[in-house]
Amino acid sequence: MPDYKKNSISLTGAVGLGTGVMISAGIFALLGQVAELSGSWFPLIFIIGSIVTAFSAYSYVKMSQEYPSAGGIGMFLVKAYGKGTITASAALMMAVSMIINQSLVARTFGTYTLQLFDGAQTEWLVPLLGVGLIVVSFLINISGNTFIQTFTSIASLIKIIGLSTMAIAGIIVADFAFTIPNKASNPPDIGIVSSVAAIALTILAFKGFTTITNSGEEITKPKKNVGRAITISILVSLSVYLLLAWAVSSNLTLSEIIAAKDYALAEAARPAFGDFGVWFTVILAIIATITGIIASVFAVSRMLAMLTEMKLIPHKHFHMPGSIQKHTLVYTVVLAIVLTVSFDLTRIASIGAILYLVMDIMIHWGVFRHLRKKVNANPFIVVSAIVLDLIVLSAFLWVKFQSDIVVVVVAILMITFIFIGEYAFLRKTSD
């Protein structure tokens, strides 16, 4: 594809893109939500989530080795299902779930930034700051691959070192005691189904590895380095998540974590380090969210451009200059802004998790049904990924149906609209 430069992203740059997306809202915003659903043992949920993610990543690695592409998941679906409604709908669901994640990151940026200021803050400041971050990410993305990978790699390294240092310091202050938060503060309705549902949010925290697959054609030696970059990114992110979960659970009770779920890390730093800890955490959160949204916008715009060039999704130039990829960059940013203004953190995360899991199941089924011999995939691992996704998705839908049915309704409407819209578009273009 003419707009993409082969060998323009190194292994280090690819890992920077992956961790840039993962270690952002994934830990800053979701840690408290995971604790709310899973109770006292929430740090272990991240381990389970990484295991489910590992099964899931297997299909993507195998596909990337056989079909390295700048379109990533979109190309995988084409190989599995052909150029039809299923491919277009699943790819669009993936793109939308990633854009939803961008709005999650944006609102996390706003939430943590406001922790720097004392006193009550008006609610509209959170989406306003989030929109500002999205606009900045757009300006950085039009600057090119070299700047993006350098910026995200350096910033990712800073936040990994910073968060690990903060977590280790918090653990030392707590005398290395892995203390499960006060059980008396547990919500009474937390059970096995709710805990399984919490895994869905941890999967959302790890799904940043798909950013790497969406840049496959541009990564040096993609058949080797895509798999390596995914593995390294997941392991690095898991290590940081576990350290932070340990530090938070050692310094706050469960009720305190849930009460401050949108900014749990900043609140956890307060008992051990006072205002300095809060400032340090917020600065790291700002760095993390900036790199996360830049890397995500980078990947989504490329996948949408590939789908557009394959005539699988509609496209309007609206008299904009530049390439199709620049146009899809604009569409990505505009939709992210709309979602940032429209939904709070909890609902954004929930809708994103549902769309991603549905798309993920479709990827695995396509590999198992049509491509397992072609890509030399182990059918047991692929089927296991499908079963694990179904279990987690079912539990999550059940919990949200009981606690916030709006999330389930919106997710179902979005999926239905995507399938019907794609069917109508493809039927019209084929005619």
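The values are calculated or read from the model by the stated rules, or taken from the named source; none is laboratory data. Because the structure is a prediction, the values reported are computed rather than measured. Backbone-built Cβ (ideal geometry, glycine too); neighbour counts: all protein chains shown.
For residues that are β-branched (Val, Ile, Thr) and within 18 Å of Gln65 (Cβ to Cβ), tally how many sit in region 352-384. Reasoning before the result, please.
Within region 352-384, the subset β-branched (Val, Ile, Thr) is 354, 358, 361, 363, 367, 375, 381-383.
Narrowing the set further to residues that are within 18 Å of Gln65 (Cβ to Cβ) leaves 363, 367, 375, 381-382.
Looking only at that region, the number is 5.
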Output yes when any residue across region 15-25 is in a helix (DSSP H, G or I), modelled with pLDDT of 80 or more and at negative phi, and no when none is.
yes
Evaluate region 414-431: report whether one residue or more is small (Gly, Ala, Ser) and in contact with a helix residue (DSSP H, G or I) (Cβ under 8 Å, 6 or more places away or on another chain).
no
Being of a type in the set (A, V, I, L, M, F, W, C), touching a residue at least 40 places away in the same chain (Cβ under 8 Å) and over 29 Å from Leu114 (Cβ atoms), is that true of even one residue in region 332-345?
no
Qualifying helices (runs of 4 or more DSSP H) (wholly inside region 195-264; at least 3 residues being of a type outside the set (Asp, Glu), surrounded by 22 or more Cβ atoms within 10 Å (Cβ to Cβ) and at pLDDT 85 or above):
222-251
Of the criteria (1) modelled with pLDDT of 80 or more; (2) buried (at least 24 other Cβ atoms within 10 Å of the Cβ); (3) not aliphatic (A, V, I, L, M), which one Gly74 fails
(1)
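Out of curiosity, is Ser296 farther than 25 Å from Leu128 by Cβ and at pLDDT below 80? Show your work before the answer.
Values: farther than 25 Å from Leu128 by Cβ: no; at pLDDT below 80: yes.
Against the criterion (farther than 25 Å from Leu128 by Cβ and at pLDDT below 80), Ser296 does not qualify.
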So Val341 ticks every box in (1) among the aliphatic types (A, V, I, L, M); (2) out of contact with any His (no Cβ under 6 Å at 6 or more places or on another chain); (3) closer than 27 Å to Val52 by Cβ but one. Which box is left unticked?
(3)
Can you tell me which residues in region 44-65 are among the β-branched types (Val, Ile, Thr) and in contact (Cβ under 8 Å) with a residue 12 or more places away in the chain?
Ile45, Ile47, Ile48, Val52, Thr53, Val61
Residue that is nearest to Gly162 (Cα to Cα) [pool: residues in region 269-291 that are out of contact with any Phe, Trp or Tyr (no Cβ under 9 Å at 6 or more places or on another chain) and either at pLDDT below 75 or assigned to a loop (DSSP other than H, G, I, E, B) (or both)]
Ala272
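Can you confirm whether Leu357 is under 29 Å from Gly227 (Cα atoms), modelled with pLDDT under 90 and of a type outside the set (Val, Ile, Thr)? Give the steps one after another, and end with the answer.
Details: under 29 Å from Gly227 (Cα atoms): yes; modelled with pLDDT under 90: no; of a type outside the set (Val, Ile, Thr): yes.
No.
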Could you tell me how many of the residues in region 46-67 are surrounded by 24 or more Cβ atoms within 10 Å (Cβ to Cβ) and over 30 Å from Lys374 (Cα atoms)?
1
